[in-house]
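Asker: Supplied in structure tokens, the structure appears directly below.
The values are calculated or read from the model by the stated rules, or taken from the named source; none is laboratory data. Since we're looking at a predicted model, the values are computed, not measured. For neighbour counting, all protein chains shown are included, and Cβ atoms are generated from backbone atoms with ideal geometry for every residue, glycine included.
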Amino acid sequence: MIFELGKYSDNTAFVDEYGTTLTYGELKRVSDEICSGLRTRSLVFCFCRNVIGSAIGYVAFLNHGIVPVMLNSQLEAEFRDGLLDKYHPDYIWCPDDMEGLWAGCDKGFTGFGYVLIKNSYESSYEIFDELALLLTTSGSTGSPKFVRQSYTNILVNAKSIVEYLELDDTERPITTLPMNYTYGLSIFNSHLIVGATILITDKGLMQKEFWNFFKDEGATSFGGVPYTYEILDKLRIYKMDLPSLRTMTQAGGKLLPDLHEKFAKFASETGRHFVVMYGQCEATARMGFLPPDKSVEKKGSMGIAIPGGKFHLIDVDGKDITTPWVTGELVYEGKNVTLGYAECGEDLCKGDERNGVLETGDMAQFDEEGYYYIVGRKKRFLKIYGNRVNLDEVDRLIKSEFGIEAASAGVDDHLHIFVTDVKYSEKVKEFVIAKTKLNPAAFTSHVIDEIPKNDSGKTLYKELTKYYE
């Protein structure tokens, strides 16, 4: 059992923007009711929104040995149906307005805007005893690949976050990230284990309802990806009257050094904490953090390893790098390193394939004091507003849909798509936006004479940088 709900029985667990509140004691009773009669070690697809019903379901299933698969409720039908076919979940936990998709199936618990549905698959898959949760790698292209997280992974990482952020039951974080995203979910986990109150809203930073809720309920913290802080900068949060705000955390990609410095100074001058963090879904959530008292001095750094973890760099031959300011691949070791991946239902019975070691795919350097700086990536993926997008997968989707040659490249928060026929330029861009369901502002299309390639026919992605750098 991850969450000791009885320990904080009288504390308020959730408050939503519509005035619904739930104590930890009430959350325990509802959780027991939802899972009454359900088969343990079964699989449930949770179609998530930042609403109280979604959060209740997650806690209920995780605490009762039922494995939740956290999915965006707006997932495209084609991808959703493909995942259902690959994994045969025993149950569906979805918003009321999705219930019709499973017409004819038996219903269970209904409440808080959600409904539990029993699927009618004839078979289900064996599940490894320690498997607790399945999460996407934060990508949005509908890949069936999930990260397999164990109960130990979740608890160890949550406790580490509690330690370095110094969390207690007086905290009142407000939701700014989807709970099916590893960073957003880690905020739930780390606060629930200390008996804090989570303020749940699906409103965005640009909506006055968000800030009204923030002020009315006395939010003490929020988390954000780089794009979040770009918005906050434009909103001039520095001028806002937010007396309850204690902590701002940032992950999901590297923040521009100037913006990092601006928020670090704002926090320092107003008696708050600004904490830059580093993580991946493959390490449950967090691997590194920059102590707030170093935030100005070490701008651009993602910090040091979290309590219980360890970093080192390796060169192309796999040998340790011991000299400061030499680039190598970042390797992390810790009990929060997840079990491995699942790409179909048959993979759910697999055990621990990583044994506590993760080669992150990020290229990094460390300084003389042991603080790490991410300088690039080993593989072709970008972070688009905190969502990891595999560029090879984008190219594959375009080729599959249009039968044309295309190439994608870019930097974080800016994905550039290259085609050789002007009639496909906007069509391809709109297609990728629809598939990823990410902010259209992040995408640009280019028409070029030919896709640059080497003698063996491999695309020369570096040649494309001249079009956007």
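Asker: Within the stretch 261-268, is there a residue that is crowded, with 16+ Cβ neighbours inside 10 Å and in a loop (DSSP other than H, G, I, E, B)?
Answerer: No: zero hits.
Asker: Within the bounds of the stretch 96-118, is there any residue that is more than 25 Å from ASP202 (Cβ to Cβ), in a loop (DSSP other than H, G, I, E, B) and of a type in the set (Phe, Trp, Tyr)?
Answerer: As a first pass, look at the stretch 96-118 and keep what is more than 25 Å from ASP202 (Cβ to Cβ): 103-106, 118.
Filter once more, so that each one left must be in a loop (DSSP other than H, G, I, E, B): 103-105.
Applying the additional criterion that residues be of a type in the set (Phe, Trp, Tyr) yields none.
Looking for residues that are more than 25 Å from ASP202 (Cβ to Cβ), in a loop (DSSP other than H, G, I, E, B) and of a type in the set (Phe, Trp, Tyr), one finds none in the stretch 96-118, hence no.
Asker: What residue, among those in the stretch 199-233 that are modelled with pLDDT of 95 or more and farther than 24 Å from ALA55 by Cα, is farthest from the chain's Cα centre (by Cα)?
Answerer: Ranking the candidates gives ASP233 first.
Asker: Tell me, which residue of the stretch 274-292 that is modelled with pLDDT of 95 or more, within 21 Å of LEU256 (Cβ to Cβ) and in a loop (DSSP other than H, G, I, E, B) is farthest from the chain's Cα centre (by Cα)?
Answerer: Out of the qualifying residues, it is PRO291.
Asker: Regarding the stretch 405-419, can at least one residue be identified that is buried (at least 20 other Cβ atoms within 10 Å of the Cβ), of a type in the set (Phe, Trp, Tyr), touching a residue at least 40 places away in the same chain (Cβ under 8 Å) and not in a loop (DSSP other than H, G, I, E, B)?
Answerer: There is at least one residue in the stretch 405-419 that is buried (at least 20 other Cβ atoms within 10 Å of the Cβ), of a type in the set (Phe, Trp, Tyr), touching a residue at least 40 places away in the same chain (Cβ under 8 Å) and not in a loop (DSSP other than H, G, I, E, B).
Asker: Still on this model: Do we find that LEU397 is assigned to a helix (DSSP H, G or I) and among the aliphatic types (A, V, I, L, M) in this structure?
Answerer: Against the criterion (assigned to a helix (DSSP H, G or I) and among the aliphatic types (A, V, I, L, M)), LEU397 qualifies.
Asker: If you don't mind, another one. Regarding ILE451, is this residue closer than 20 Å to GLU76 by Cβ, of a type in the set (A, V, I, L, M, F, W, C) and at pLDDT 85 or above?
Answerer: Answer is no for this residue.
Asker: Just one of the numbered conditions (1) within 21 Å of the chain's Cα centre (by Cα); (2) of a type in the set (D, E, K, R); (3) surrounded by 14 or more Cβ atoms within 10 Å (Cβ to Cβ) is not true of LYS378; which one?
Answerer: (3)
Asker: In addition: Assigned to a strand (DSSP E or B) and out of contact with any Lys or Arg (no Cβ under 9 Å at 6 or more places or on another chain), is that true of VAL147?
Answerer: Values: assigned to a strand (DSSP E or B): yes; out of contact with any Lys or Arg (no Cβ under 9 Å at 6 or more places or on another chain): yes.
Answer is yes for this residue.
Asker: Of all residues being within 14 Å of ALA305 (Cβ to Cβ) and part of a strand (DSSP E or B) in the stretch 351-372, which is farthest from the chain's Cα centre (by Cα)? Just the residue, please.
Answerer: PHE366
Asker: Tell me the residue from THR12, THR21 that is free of Cβ contacts under 8 Å to residues at least 12 places away in the same chain and touching a Ser or Thr at 6+ places or on another chain (Cβ under 6 Å), please.
Answerer: Answer to the check: THR21.
Asker: Please identify the pairs in which a residue from the stretch 108-133 that is surrounded by fewer than 20 Cβ atoms within 10 Å (Cβ to Cβ) has its Cβ atom under 6 Å from the Cβ atom of a residue that is in a strand (DSSP E or B) and among the polar types (S, T, N, Q), counting only partners at least 6 apart or on another chain.
Answerer: GLU130/SER150
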